[in-house]
Structures are given as structure tokens and as C-alpha cells.
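The values are calculated or read from the model by the stated rules, or taken from the named source; none is laboratory data. Just so it is clear, the model here is predicted, and its values are computed rather than measured. Glycine gets a Cβ as well: all are built from the backbone with ideal geometry, and neighbour counts include every protein chain shown.
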């Protein structure tokens, strides 16, 4: 048995909320801290469909990566999407804890999960932000070496990334080099291209790359793959499930089955 507040404190030991970026809104965002949790749903996002899924299952808590409240909410009504989700949570008595940019930077967080998913070896940090209160280093992105047997041709490697992450499609630009040393950063991290180059990377896998980002990568001689925001971060959901199952063996933990990539490619 656990309470919402106990789940929050447990997650804070693994991925301290104090490490989130200044613009972020990670934390305990909706609900009663003293509410007992018997069932817990994990999802990358909290959408209306995810709230309905949690309610059908009888979950008292949703733990997500992306915050349900990101920008300041001036109103909470059924006239706009976020308001409808918040009303659904409140009316169903479901709490929400969101573990966002703090989960991007910690060990075994989003970027370690992404590096492992792509089978990178000799993994290290792409950019070290600092150390937490316990002296553990943290930072954005990871760098690793592509093992033998994996495709070093960029087009083939891009296909491997698509298949491995279950992406509906990928966008990429050829920097003119074979794939050997790879940087990864889940979510919108194309601003770290210079860090990837400084680390001696020939290839960078991230998402949400703008047009000029592709132009810059080609000019810099960096292979750049945009594998999508959802595919590059969804890899953390099984990790969260594992953490929560180990931390609270008396709580039923399940990953959302209704939340999937929001868009398709032709």
C-alpha cells in the first residue's frame, strides 16, 4: 500500500525534482497527497483517453513524463483541452505526478533508456549539467559507440532507429560520415549539436528538428536523425513501471495501452 505523497517522495529520490529546468513544471500536480494508491497507470502524456483508461481500470494515480499543466492555467473549464483533462482527473479522483526534465538528465532516465534501446556501448554523458545533492552527476543526452553488427551506413541506421523505436517515420540529413559514435537526446534537443560534435560524434538522434537545424547539421558534417518526440521518450515508460513496481510491490502498476504516437506519415 502507498499514498500519492509517498510515490512522489520515492520518485524524488530516483529523479530529484529539484533538477528540473527553470521553465518546467514537473512534480505532484493534481490530487490529494494522502490518497491511497492501489492501482497506478504510467503514460508519456496525460490525455483525455488516458484519464478514461485510468478510470476504467480503477487507478488512483497517473505518473507521466510530460506535465499536464505546463503553461499557467488561467481557467479550468471544458472549453479547452487541458481543462477537460484536469476536470476528468478531479472528477474521477485521480492524482497526477509528472516527472519531466529531471527524468531526462538523471542516470537510468530517458536518455540512458534511449541509448540502451539503440544498443549503444561505452555510454557517457553528452552534456553534464552538474551534480545533485548526493554528488551524482546529471546532464542532458548520452553518447555511445555503435557496436559491430549494427548498420554504419546512415540510411540503414536511420531505418534501424525507426524500427527499434517503433517510429512511424524518421527524418534525417546525411553529414557525409559513416555511423560510429552516436549522440542521443530524447525530445527536442537539436540545440545540442555542437556538444555532439565536441564529443566526436558523427551522428545525432533526437527529435523536433527545425528546417535550419538540418541545414546546420549538413554544413557541420553531422548526420542528424529526427526520430520523433514520442518514440525517443516513450522508452522511459517501461523504466518508470519497473521503478514503481520495485518501490511499491503492493501496488498494481500498468503502462497505458491507449496512448500512442499522435501523428502518422505518408
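Per-structure values
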{"item": "Search result, residues across the range 244-266 that are surrounded by 13 or more Cβ atoms within 10 Å (Cβ to Cβ) and either out of contact with any strand residue (DSSP E or B) (no Cβ under 9 Å at 6 or more places or on another chain) or closer than 23 Å to residue 158 by Cα (or both)", "result": "261"}
{"item": "Residues (closer than 18 Å to residue 117 by Cα, in a loop (DSSP other than H, G, I, E, B) and modelled with pLDDT of 95 or more) located in the range 218-266", "result": "227, 228, 234, 235"}
{"item": "Some residue of the range 72-84 being within 20 Å of residue 255 (Cα to Cα) and modelled with pLDDT of 95 or more", "result": "no"}
{"item": "All strands (runs of 3 or more DSSP E) inside the range 137-190 with 2 or more residues being out of contact with any helix residue (DSSP H, G or I) (no Cβ under 7 Å at 6 or more places or on another chain)", "result": "137-145, 181-188"}
{"item": "Odd one out for residue 193, checked against (1) under 23 Å from residue 61 (Cα atoms); (2) buried (at least 16 other Cβ atoms within 10 Å of the Cβ)", "result": "(1)"}
{"item": "Residues of the range 30-62 classified as within 20 Å of the chain's Cα centre (by Cα) and surrounded by fewer than 19 Cβ atoms within 10 Å (Cβ to Cβ), total", "result": "2"}
{"item": "Leading residue by the ranking (nearest to the chain's Cα centre (by Cα)) among those in the range 186-208 that are under 18 Å from residue 159 (Cα atoms) and touching a residue at least 24 places away in the same chain (Cβ under 8 Å)", "result": "186"}
{"item": "Which listed residue, of 118, 103, is in contact with a helix residue (DSSP H, G or I) (Cβ under 7 Å, 6 or more places away or on another chain) and under 13 Å from residue 65 (Cβ atoms)", "result": "103"}
